[in-house]
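**Q** Questions regarding the structure given below will be posed in turn.
The values are calculated or read from the model by the stated rules, or taken from the named source; none is laboratory data. Since the structure is predicted, the reported quantities are computational estimates derived from the model, not experimental observations. Ideal geometry is used to build each Cβ from the backbone, glycine not excepted, and the neighbour counts take in all protein chains shown. These accessible areas exclude ligands, DNA and RNA; they are computed on the full protein's heavy atoms, side chains included. Shrake-Rupley method; radii C 1.70, N 1.55, O 1.52, S 1.80 Å.
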Amino acid sequence: VDAFQAWCGPCKTVVDLFRKIRNEVGSDLLHFAVAEVDSIDALEKYRGKCQPVFLFYSGGELVAVVRGVNVPMLQKTILGQL
């Protein structure tokens with residue numbers, strides 16, 4: 001989940017990375033979403049930050065967090081969680 005704030009928008013920089021990985025592993029295993037933290041109370045702790053935050057869930061549980069656009073770390077985290 002790309003957790004973003006309305007004033008800075010979702011992180012478009014990593015969309016191509018997400019598409020590439022999803023095409024490689026298949027759509028059944030991996031799902032991406034965006035969430036505006038200003039409108040979701042459960043994500044309140046991510047408000048007020050200018051750095052993008054990527055939340056990784058498995059089985060409904062938060063399993064990893066990557067702060068900032070660190071493409072190698074995002075790719076490693078995604079593939080590691082699979």
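**Q** Quick one: in the chain, what % of C-alpha pairs are over 16 Å apart? The partial results should precede the final answer.
**A** Numbers: 1622 of 3321 pairs.
Result for the distance tail: 49 percent.
**Q** How much net charge surrounds residue 64 when only the other residues with a Cβ under 14 Å from the Cβ of residue 64 are counted, with Lys and Arg +1 and Asp and Glu -1? Numbers along the way, then the final one.
**A** Working: positive: 67, 76; negative: 2, 61.
Counting the neighbours of residue 64, the net charge comes to 0.
**Q** To continue, here is another question. Contour minus end-to-end for residue 22 and residue 61, with contour as 0.36 nm per residue of separation and end-to-end as the Cα-Cα distance?
**A** Details: separation 39, 0.36 × 39 = 14.04 nm, distance 2.04 nm.
Gain on extension, residue 22 to residue 61, equals 12.0 nm.
**Q** Per DSSP H run of n ≥ 4, the term is -39500 (n - 2.57); total these for the chain, divide by its residue number, and report the mean residue ellipticity at 222 nm rounded to 500 deg cm²/dmol.
**A** Calculated mean residue ellipticity at 222 nm is -8000 deg cm²/dmol.
**Q** Find the relative contact order for region 2-80 and round it to a whole percent, using C-alpha pairs within less than 8 Å whose residues are 6+ positions apart. Present the calculation step by step, with values, prior to reporting the outcome.
**A** Details: 86 pairs, mean separation 25.5, N = 79.
32 percent.
**Q** Separate question: What residue among 42, 33, 64 shows peak mean-square fluctuation when the chain is described by a Gaussian network model with Cα springs under 10 Å?
**A** 42
**Q** Helix 71-81 versus the longest principal axis of the chain: what angle, 0 to 90°, nearest 10, using Cα atoms?
**A** 70
**Q** In nm, to one decimal, how far is the modelled label at residue 73 from the one at residue 31, with both set 7 Å along Cα→Cβ?
**A** Simple spin-label model gives 2.6 nm for this pair.
**Q** At 1.4 Å probe radius, can you tell me the per residue accessible area of the chain in Å²?
**A** Numbers: 5340 Å² over 82 residues.
Using a 1.4 Å probe on heavy atoms only, each residue of the chain averages 65 Å².
**Q** Leaving ligands, DNA and RNA out of it, report the carbon-plus-sulfur percent of the accessible area of region 2-80 at a 1.4 Å probe.
**A** Values: 2670 of 5110 Å².
Roughly 52 percent, rounded to a whole number.
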